[in-house]
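Structure first, then comments.
The values are calculated or read from the model by the stated rules, or taken from the named source; none is laboratory data. Treat the numbers as computed from the prediction; the structure is a model and nothing was measured. Note that each Cβ is placed from the backbone with ideal geometry, even for glycine, and that neighbours are counted across all protein chains shown. Note: areas computed on protein heavy atoms with side chains; ligands, DNA, RNA excluded. Shrake-Rupley method; radii C 1.70, N 1.55, O 1.52, S 1.80 Å.
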Amino acid sequence: MKKYGAEFIGTFWLVLGGCGSAVLSAAFPNVGIGLLGVSLAFGLTVLTMAFAIGHISGCHLNPAVSVGLWAGGRFPANQLLPYIVAQVLGAIFAGGVLFLIASGQAGFDLSAGFASNGYGVHSPGGYSLFAALVCEIVMTMMFLLVILGATDPRAPQGFAPIAIGLCLTLIHLISIPVTNTSVNPARSTGVAVFAGDWAIVQLWLFWVAPIVGGLLGAAIYRFIGSSKK
């Protein structure tokens, strides 16, 4: 239960920190943090939580990461569902807290998207469903490759949180214009349930694509990272 509690808290922090920066700070008059700031915020949430709870739960904070670690032989199957449930609940709780904060501003409008992920007319840059699908699969695949490589016992020890946090920052720098960046079904769900409407309709892609990407990343690392020649 401590592991599941840690995943709940960690995912709560990821969604509150990352999506909160997008909703509250990205375009704040005159001093908005912009896309670079939002990208850093997501990376910093993972970096800080990796040091805070990595020794408790492994700091997955993401169903696609849990599935990828299971496929990579690093995580037991019997803990997969409880981890995913804890992550999704943590994300939804964070979405609720963010809604309470954001709705305290005059003129708050959920129709602006509430940091939800989308494609087509709901993509920040107007990218198609196919482009969004490819982007989310490839970004999550690379995320899993970095996670599995950085946490490999043969890798330099103690630096994995930095590599993983910077990788998530880079992923956001690349893909915010395409989908608002998911690579995490829990993160997408946590805000979509409050945004409703199109965000719920398009949510399927942000479960399917990250999980496919996570499985691909695990398969590739099992091949290139194997100690067998």
Seminar exercise, completed: Quick calc: nm separation of the 7 Å Cα→Cβ label points for Ala155 and Asn78 -> 2.8
Exercise. What span do the alpha-carbon atoms of the range 111-229 cover on each of the three principal axes, reported in whole Å from largest to smallest?
Worked result: 51, 25, 22
Problem set entry | Descending semi-axes in whole angstrom, ellipsoid equivalent of the chain, from the Cα gyration tensor | 28, 19, 16
For this session: Using a 10 angstrom cutoff on alpha carbons, build the Gaussian network for the chain and name the most mobile of Ala218, Ala26, Ala115.
Result: Ala26
For this session: Under 1.5 on a/c is rounded, so check that first for the range 97-145, then, if it is not, pick prolate when a/b is larger than b/c and oblate when it is not; a ≥ b ≥ c are the square roots of the alpha carbon gyration tensor eigenvalues.
Result: oblate
For this session: Obtain the nm distance between the two label points defined at Ala106 and Arg222 by a simple spin-label model: each point lies 7 Å from its Cα along the Cα-to-C-beta direction.
Result: 5.9
Seminar exercise, completed: A correct Karplus calculation of ³J(HN,Hα) over the range 57-74, with 6.51 cos²θ - 1.76 cosθ + 1.60, θ = phi - 60°, whole Hz and x for Gly and Pro, returns 10, x, 6, 6, 6, 6, x, 5, 5, 4, 5, x, 5, 5, 5, x, x, 10
Exercise. Can you give the FRET efficiency for Ser25 and Ala52, using 1/(1 + (r/R0)^6), R0 = 22 Å, r = Cβ-Cβ distance, to the nearest 0.05?
Worked result: 0.50
Exercise. Which of these, Thr179, Thr48, Thr140, has the largest mean-square fluctuation under a Gaussian network model of the chain (Cα springs below 10 Å)?
Worked result: Thr48
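Determine how many Å³ per residue the convex hull of the Cα atoms of the range 1-124 encloses.
Values: hull volume 15.3 nm³, N = 124.
Roughly 124 Å³ of hull volume per residue.
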Seminar exercise, completed: Which of Gly96, Gly217, Gly68 fluctuates most in a GNM of the chain (C-alpha springs under 10 Å)? That residue is Gly96
Problem set entry | Accessible area (Å², per residue) of the chain, counting only protein heavy atoms and a probe of 1.4 Å | 46
For this session: Could you pull the Rg and Dmax for the range 63-177, using just the Cα atoms, both in Å?
Result: 17.1, 53
Seminar exercise, completed: Along the range 135-152, Karplus-curve 3J(HN,Hα) (6.51, -1.76, 1.60; θ = phi - 60°) to the nearest Hz, with x for Gly and Pro, reads 4, 5, 5, 5, 5, 5, 4, 5, 4, 5, 4, 5, 4, 5, x, 5, 9, 5
